[in-house]
């Protein structure tokens, strides 16, 4: 199968101000894609767009706000032309046991990680479907396929993204539109600070994940894993009876993820997540 040529296409990347989002914006730009860097932190988004140059613009975006999302996609099309690629990367991952999680944090997790992806898909598809072309990339995680203690609601939202992506893909059969789910392992970003690497699954850099996304876009892959062993673990887990899954958790140390999280190294990140709840509340009032 011939590869898709990305040069000249138009992309919007949410959560583009940091981590995987930033690396993906930069990787797309190197391929000749015109990029809109969207992030709740408008200053971070602007810095990324400035570093990229004339083929990038930035917009502030709370992905859970439909009007803001629509406005960002409008800006992309007004500035660069019809939308070809949407990368739903924005996400948060506060850590702690489920029973201790506040309802406000639960709501924010669902709003950003799942509802934001859902809104982005709907708004993008309304533009792509009449043209019969486009590619939507949804960031899940290892947690989209495997459970993990200490991040239960996060994992729930990522499972939801995988299920949503696979289901909508079936609805779009023959439409010319492609959908991908991305399953990174533990990525060396602020979001994953304090998490221990799982046995047999090395940590990866944002740039490695971005490179995998580029390859997935070119080859129209349904599932994009980085490192590749995440895909193997996901398929093995799915094939195992429940009585053997606990063995897989012990072997990979997934069952120790919650107790081994170093909360001290996550202080700044967790504070920013809490602040995002206040910002969202203020915007709605």
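Every number in this text was worked out from the coordinates using simple rules, so none of it is lab data. Since we're looking at a predicted model, the values are computed, not measured.
Couple of notes before you dig in:
- Gyration tensor over the Cα atoms of segment 1-134: the corresponding equivalent ellipsoid has semi-axes (square roots of 5 times the eigenvalues, largest first) of 26, 17, 14 Å.
- Contour excess over end-to-end distance, with Cα ends at residue 97 and residue 133 and 0.36 nm allotted per residue: 8.8 nm
- Cα gyration tensor shape for segment 131-175, rounded if a/c is under 1.5, else prolate or oblate: prolate
- Measuring between their Cα centroids, segment 36-90 and segment 204-242 lie 25 Å from each other.
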